[in-house]
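Okay, structure first, notes after.
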Amino acid sequence: MMLDYMAVFAPLIAFLLAGLLGKKLGDGFSQIVTCAGVLLAAFVSVKLFFSVVLGMSPITLPVMNWISSGDFNVSWTLRMDQLAVVMMCVVNIVSACVHIYSVGYMYHDEAKSRFMAYLSLFTFAMLMLVTSDNLLQLFFGWEGVGLASYLLIGFWYHKPSAGAASMKAFIVNRVGDLGLTLGIMAAFVIFGTVQFQAIFDAAATKADANFSFFGYEVHALTLLCLLLFVGAVGKSAQLGLHTWLPDAMEGPTPVSALIHAATMVTAGVFLVARFSPVFEYAPDALMVVCVFGAVTAFVAATIGMTQFDIKRIIAYSTMSQLGYMFFALGVSAYSAAMFHLVTHAFFKALLFLGAGSVIHAMSDEQDIRKMGGIWKLIPLTYLMMWVGSLALAGIPLFAGYYSKDLILESAWGSGTAVGHFAYWMGIAAAIMTAFYSWRLIILTFHGKPRADHHTMDHVHESPPVMLVPLIVLTIGAIFSGALLYGGFAGVPHEEKLHAVSAEKEMAEEVISATEDQMEHAAHTEVKTDEDVDPLTDKGAFFGETIFVRAEHDAVAMAHSVPSWVKNLPTIMGVAGIALAFLAYSLMPSIPARTVKIFKPLHQLFFRKWYFDEIYDVLLVKPTQALGRALWVGGDKAIIDGLGPDGISKLARVIGLGFSKIQNGFVYNYAFIMIFGLIALLTWVFYTTIGFQ
């Protein structure tokens with residue numbers, strides 16, 4: 001039992017040791033202790049996966065009584081159920097790869113101990129988030145990853161761009177966190193508690209409850225879910241609060257892999273999945289989630305096609321893939337979203353660390369226009385970048401194929417207008433994803449070298465300490481989809497029992513049911529808990545941690561969608577690869593001509609839909625002007641002018657006046673004495689005689 005605690009607290013212990021003793025005991029000590037801590041956490045997480053997920057035995061580990069105020073009590077407890085353990089495995093395995101990779105990547109940095117300590121702090125904060133048992137504990141982890149990401153993005157603080165990027169990430173995330181904070185307050189008002197289980201148990205009883213919000217009567221659960229979703233939008237870089245994500249590439253490449261692959265940016269996905277028992281009774285909120293995710297997937301893909309910074313291209317692909325996860329959540333395909341979260345963690349961390357290997361080989365060059373012709377010089381990195389790109393493009397047999405296709409099939413299978421909208425937006429994003437992935441591959445590795453001779457002479461393969469983590473992630477990017485498909489591709493098994501029973505009774509009455517669906521319903525056997533196999537039974541991974549109402553069961557319907565719905569994503573992926581090969585290998589004049597013909601559209605995409613410029617005009621400059629006005633006209637002119645500055649100025653004026661009298665002439669002093677005596681006698685006369 002004590003070993004189970006190490007899945008969360010080992011990185012914290014490593015952070016404390018590296019942070020307090022690293023400077024004294026050296027960089028080697030910090031690297032060893034932080035890598036050992038996260039490897040231990042990863043090992044325990046895998047152990048928990050077998051017992052909690054495959055063994056279907058969730059556990060709760062008490063830590064301490066945290067807050068006690070009157071009747072309000074909040075305990076610090078580790079909730080290690082199926083959903084949490086799946087996230088713990090992803091976080092710890094990817095973090096372990098990043099820690100080991102950083103030993104080689106940061107070899108020449110002078111602050112290796114500080115960097116390794118920050119990585120472990122970030123890992124601990126993320127683990128606290130996913131194992132939280134209540135909203136306050138979740139908020140602690142939520143803000144912890146925000147703080148750690150600020151420290152990591154701005155790690156090279158001597159670069160002004162890194163400092164600005166870390167501030168931008170911190171401030172933009174605070175906007176989303178305001179929504180989360182209000183959501184926590186709303187949950188307490190509605191349910192009278194912040195404990196997850198109490199909220200989930202009471203969700204159905206509040207399905208029709210209303211809430212007074214700024215004088216308006218609104219549906220209580222819809223308001224709660226939308227406020228929580230605002231927090232998810234900020235942390236997971238969804239459209240509107242996404243502008244921090246590409247700028248965060250200013251941090252070291254291992255930071256990009258850790259933050260943008262499997263950890264911080266997926267916190268919003270985890271939050272919505274965790275609150276599925278509440279979201280299921282707020283269909284309007286689910287529609288908003290679906291539309292936001294679909295539009296985000298499309299917009300991010302359009303931007304990714306036009307960028308030249310290798311890390312920014314991958315960053316926009318992260319934003320796009322997060323959009324897929326959110327529109328899956330929006331059609332109640334929670335298990336499909338979590339499936340893509342897991343597979344995406346492997347292939348996106350692989351792509352980021354592979355990009356870091358390229359940057360390392362190219363003497364810190366990140367512009368793909370200045371690369372080319374290096375695939376023979378770094379063959380292992382080249383091969384693993386191929387694997388990551390194939391998985392990202394959703395090519396069959398790679399991990400992304402299973403999870404992305406399940407999301408698209410679930411969106412169509414939901415049978416809703418927003419689900420169909422999300423499907424077509426996802427299809428458009430799929431062809432663009434494949435296109436920009438192979439644009440990156442071709443421009444980076446193929447063609448004639450475009451770097452200077454000095455850079456090309458120093459191109460070399462990364463050391464084994466950087467390649468081994470890439471190999472581990474490559475294995476995950478190839479096999480995780482096929483191995484985990486049975487456990488993720490469906491609803492929780494207990495909900496499935498009810499859904500199957502209802503399907504048997506109503507199959508003949510549902511006019512819209514296809515013959516395949518009716519046949520499936522007629523021949524499906526109801527399983528008992530003892531019959532469920534988490535590796536083969538659809539959706540059994542999550543047990544009761546994810547709740548789906550029978551009428552929202554999009555994942556179950558995904559298995560019965562028409563064949564063209566299933567095949568179209570693969571066709572689009574292959575088409576995108578073919579277009580990139582045509583444009584950048586066979587006919588390299590096409591991109592320039594296309595940009596010339598569609599210049600306004602290209603500028604829209606290249607300038608990232610002008611979000612930064614719009615925010616600068618509408619928000620940044622007015623805020624700066626208001627702040628300047630309040631500072632100069634309010635604080636300095638009124639508060640300081642009439643307060644301390646005014647009083648000191650008055651004292652200075654009076655002092656100057658009296659100083660003129662002190663001129664050394666005796667007759668002036670005599671005159672003042674006589675004048676003072678007359679004034680004193682006058683005052684005495686009027687106070688004692690004149691006023692009686």
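The values are calculated or read from the model by the stated rules, or taken from the named source; none is laboratory data. Small disclaimer: the values here were computed from a predicted structure and weren't measured. A quick note on method: Cβ atoms are made from the backbone with ideal geometry, for glycine too, and the neighbour counts reach across all protein chains shown. Note: areas computed on protein heavy atoms with side chains; ligands, DNA, RNA excluded. Shrake-Rupley method; radii C 1.70, N 1.55, O 1.52, S 1.80 Å.
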Original post:
Hey, quick one: spin label on Leu618, modelled 7 Å out along Cα-Cβ, who in the stretch 233-257 has an amide N within reach, i.e. under 18 Å?
Top reply: 233-234, 237-245
Subject >> Unit charges at the beta carbon, dipole of the chain: most positive-side option, Phe445, Leu582, Gly70 >> reply: Phe445
Subject >> Solvent-accessible area per residue, Å², over the chain with all protein chains present [probe radius 1.4 Å] >> reply: 43 Å²
**OP:** Exposed loop chymotrypsin sites (Phe, Trp or Tyr not before Pro) only (DSSP loop, at most 14 other Cβ atoms within 10 Å): please give the longest stretch of the chain free of them, not including the sites.
**Re:** 215-597
**OP:** Could you please put His460, His420 in sequence from largest to smallest accessible area, using a 1.4 Å probe?
**Re:** His460, His420
**OP:** With all protein chains present, calculate the accessible area of Ile407 using a 1.4 Å probe and round the result to the nearest 10 Å².
**Re:** 0 Å²
Original post:
Whats the longest run of the chain with zero GluC sites (Glu not before Pro) that are DSSP loop and have at most 14 other Cβ atoms within 10 Å?
Top reply: 111-507
Subject >> the chain, helix-only ellipticity at 222 nm - DSSP H runs n ≥ 4, -39,500 (n - 2.57), divided by all residues, nearest 500 >> reply: -22000 deg cm²/dmol
**OP:** Using only Cα atoms, locate the centre of the stretch 220-245 and the centre of the stretch 35-75, then give the distance between them in Å, rounded to an integer.
**Re:** 26 Å
**OP:** Would you indicate which of [x] 18, 52, 26, 4, 0; [y] 17, 47, 23, 7, 5, 2, 0; [z] 15, 45, 35, 6, 0 is the value of P(r) over Cα pairs in 20 Å bins from 0, in percent derived from the coordinates of this structure?
**Re:** [y]
Original post:
Given +1 on the Cβ of Lys and Arg, -1 on the Cβ of Asp and Glu, and no further charges, what dipole in debye does the stretch 526-679 carry about its Cα centre, rounded to the nearest 20?
Top reply: 1420 debye
Subject >> Computed E for Gln197/Ala428 - FRET, C-beta separation, R0 35 angstrom, nearest 0.05 >> reply: 0.30
**OP:** Please sort by residue number the trypsin sites (Lys or Arg not before Pro) in the stretch 554-643 whose DSSP state is loop and whose Cβ has at most 10 other Cβ atoms within 10 Å.
**Re:** none
Original post:
Where the convex hull is taken over the Cα atoms of the stretch 543-692, what is its projected area averaged over directions, in nm²?
Top reply: 31.4 nm²
**OP:** Whole number please: convex hull volume per residue, Cα atoms of the stretch 133-271, in Å³.
**Re:** 101 Å³
Original post:
What does the charge dipole of the chain about its Cα centre add up to, to the nearest 20 debye, if the Cβ of each Lys and Arg holds +1 and the Cβ of each Asp and Glu holds -1?
Top reply: 3300 debye
Subject >> the chain: angle of helix 220-235 to the longest principal axis, Cα-based, in degrees nearest 10 >> reply: 90 degrees
**OP:** Pull out a ≥ b ≥ c, the square roots of the eigenvalues of the alpha-carbon gyration tensor of the stretch 88-193, then state rounded if a/c is under 1.5, prolate if not and a/b is larger than b/c, and oblate in the remaining case.
**Re:** oblate
**OP:** Place +1 on the Cβ of every Lys and Arg and -1 on the Cβ of every Asp and Glu in the stretch 239-341, take the dipole about the Cα centre, and give the residue among Ala285, Leu239, Phe308 whose Cα lies farthest towards its positive end.
**Re:** Phe308
Subject >> Folded to 0 to 90 degrees: helix 310-330 orientation relative to the chain principal axis, Cα >> reply: 70 degrees
Original post:
How much net charge surrounds Met249 when only the other residues with a Cβ under 15 Å from the Cβ of Met249 are counted, with Lys and Arg +1 and Asp and Glu -1?
Top reply: -1
Original post:
Does the stretch 1-91 come out rounded, prolate or oblate, given a ≥ b ≥ c as the square roots of the eigenvalues of its C-alpha gyration tensor, rounded meaning a/c under 1.5 and, failing that, prolate meaning a/b above b/c?
Top reply: oblate
Subject >> Semi-axis lengths, Å, the stretch 293-365, gyration tensor of Cα atoms, sqrt of 5 times eigenvalues >> reply: 27, 15, 5
Original post:
Rg/Rh for the stretch 201-252: what does it come to with C-alpha atoms and Rh from Kirkwood?
Top reply: 1.22
Subject >> the chain: angle of helix 417-445 to the longest principal axis, Cα-based, in degrees nearest 10 >> reply: 90 degrees
Original post:
So for the chain, taking the charge dipole from beta-carbon charges (+1 Lys/Arg, -1 Asp/Glu), which of Leu135, Thr433, Ala165 sits furthest toward the positive end?
Top reply: Ala165
Original post:
What accessible area, in Å² to the nearest ten, does a 1.4 Å probe give for Val98?
Top reply: 0 Å²
**OP:** Round to a whole angstrom and tell me the spacing of the C-alpha centers of the stretch 645-673 and the stretch 142-157.
**Re:** 58 Å
Subject >> Dipole magnitude (debye, nearest 20) for the stretch 249-360, charges at Cβ of Lys, Arg, Asp, Glu >> reply: 200 debye
Original post:
How large, in percent, is the carbon and sulfur part of the accessible surface of the chain at a probe radius of 1.4 Å?
Top reply: 69 percent
Subject >> Anisotropy class of the stretch 26-138 from Cα gyration tensor, a/c 1.5 cut >> reply: oblate
Subject >> Net charge of neighbours whose Cβ lies under 14 Å from the Cβ of His340, counting Lys and Arg as +1 and Asp and Glu as -1 >> reply: 0
